[in-house]
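**Student:** If you scroll down you'll find the structure; I have some questions about it.
The values are calculated or read from the model by the stated rules, or taken from the named source; none is laboratory data. Computed from a predicted model, the values in this text were never measured in an experiment. Methodologically, a virtual Cβ is constructed for each residue, glycine included, from the backbone with ideal geometry; neighbour enumeration extends over all protein chains shown. The accessibility values were calculated without ligands, DNA or RNA, using every heavy atom of the protein model including side chains. Shrake-Rupley method; radii C 1.70, N 1.55, O 1.52, S 1.80 Å.
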Amino acid sequence: MSDYDYFKSERLVYRPFQLDDLQAYVAMCNEGSRRRWFYFQEPACLTEEFWVKEFEQIRAVWSRKVHLLEERAGCGLAVTLKETGDLIGFVALTKFHGPDEELKDVEIGYHIGEAYQGHGYGTEAAKAAVEWGIAHLLQRGAEPKIVGKAEHENVPSRRVLEKAGFRYAHAEQYVSVYELLAT
Ligand SMILES: CC(C)(COP(=O)(O)OP(=O)(O)OC[C@H]1O[C@@H](n2cnc3c(N)ncnc32)[C@H](O)[C@@H]1OP(=O)(O)O)[C@@H](O)C(=O)NCCC(=O)NCCS
């Protein structure tokens, strides 16, 4: 692990995934509240084999000086409780979906396990990621803009975006698109 400054917030600690997170995180990925909105994912994306590789990519990203606009693996971190160290979810900023698909804007993504939902952790993690991401973009002279997308009916996710300071921008076929542009 590098000495890079991860995002920080009041009740949560953000860190790269470790191998001993694997069982707990894969179990969270298989919960109904996540599968409902990630219905398009291949079954292979819900396995330990898949997440071992993802964890490696995430650790590789954070082991060097991160450049959000160039990281093809996405800048994701495990979300853990400061008090107990429990793994509760995942938060990420990404400019690429896979090695070839560059997105127009940096996008935020997040997931909180069912046992921990409803305590404001999703909102807290999104706020921390956005604050870090905007500062990061400004330092690099890039447009300080982050986009969030949630399925129209995914009210919890839309509320996370609204409470983290995003404003509704427009609707696409399946998703509502929100933007946060720092002034
Ligand atoms: C979206 C998600 C991260 C929210 O996490 P969370 O920690 O529960 O979020 P918060 O506690 O900050 O609450 C945000 C909103 O979620 C909703 N919510 C929270 N707990 C809920 C519950 N038990 N039942 C229904 N809605 C709930 C509320 O609308 C809340 O907004 P409000 O406070 O204005 O009422 C979480 O539900 C999740 O991981 N869902 C599955 C993955 C997903 O959809 N990711 C986003 C893809 S775009």
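**Student:** At 0.36 nm per residue, and after removing the present C-alpha to C-alpha distance, how many nm does the segment from ALA115 to GLU162 gain when stretched out fully?
**Tutor:** Between ALA115 and GLU162, full extension yields an extra 14.7 nm.
**Student:** Using helices alone, I'd like the mean residue ellipticity at 222 nm for the chain: each DSSP H run of four-plus residues gives -39500 (n - 2.57), total over residue count, nearest 500.
**Tutor:** -9000 deg cm²/dmol
**Student:** Between GLY141, GLY165, GLY133, find the one with the highest GNM mean-square fluctuation for the chain; connect C-alpha pairs within less than 10 Å.
**Tutor:** Comparing GLY141, GLY165, GLY133 in the GNM, the peak value goes to GLY141.
**Student:** Any chance you could run the full-extension gain for GLU10 through TRP37? It's 0.36 nm times the residue separation minus the Cα-Cα distance, nm to one decimal.
**Tutor:** So the chain would gain 6.9 nm between GLU10 and TRP37.
**Student:** Here's a follow-up. Rolling a 1.4 angstrom probe over the protein heavy atoms, how many square angstrom per residue are accessible across segment 7-181?
**Tutor:** 52 Å²
**Student:** I've got another one for you. Working out 0.36 nm times the residue gap between GLU49 and GLU179, then minus their Cα-Cα distance, what length gain in nm do you get to one decimal?
**Tutor:** That works out to 43.4 nm of additional length.
**Student:** Give, as a single signed number, the net charge of other residues whose beta carbon lies under 10 Å from the beta carbon of ARG11, with Lys and Arg counted +1 and Asp and Glu -1.
**Tutor:** Counting the neighbours of ARG11, the net charge comes to -2.
**Student:** Which percent of the accessible heavy-atom area of segment 47-172 goes to carbon and sulfur, probe 1.4 angstrom?
**Tutor:** Carbon with sulfur: 49 percent of the solvent-accessible area.
**Student:** In this model, which of LYS65/LYS163; LYS104/LYS127; LYS53/LYS145; LYS104/LYS163; LYS82/LYS104 are farther than 26 Å apart at the alpha-carbon?
**Tutor:** LYS65/LYS163; LYS53/LYS145; LYS82/LYS104
**Student:** As a test of reading the structure, rank ASP100, ASP21 by solvent-accessible area (1.4 Å probe, protein chains only), most first.
**Tutor:** Largest to smallest exposure gives the sequence ASP100, ASP21.
**Student:** Now for a separate question. Applying 1/(1 + (r/R0)^6) with R0 = 35 Å to the Cβ-Cβ distance of LEU81 and ALA142, what FRET efficiency is obtained, to the nearest 0.05?
**Tutor:** So, using R0 = 35 Å, E works out to roughly 0.65.
**Student:** Only sites in a loop by DSSP and with at most 15 other Cβ atoms within 10 Å count here; which GluC sites (Glu not before Pro) in segment 9-53 make the cut?
**Tutor:** Within segment 9-53, the qualifying GluC sites (Glu not before Pro) (loop, at most 15 other Cβ atoms within 10 Å) are GLU10, GLU31.
**Student:** Is segment 7-181 rounded, prolate or oblate when judged by the Cα gyration tensor, a ≥ b ≥ c being the square roots of its eigenvalues, rounded requiring a/c under 1.5 and prolate requiring a/b larger than b/c?
**Tutor:** rounded
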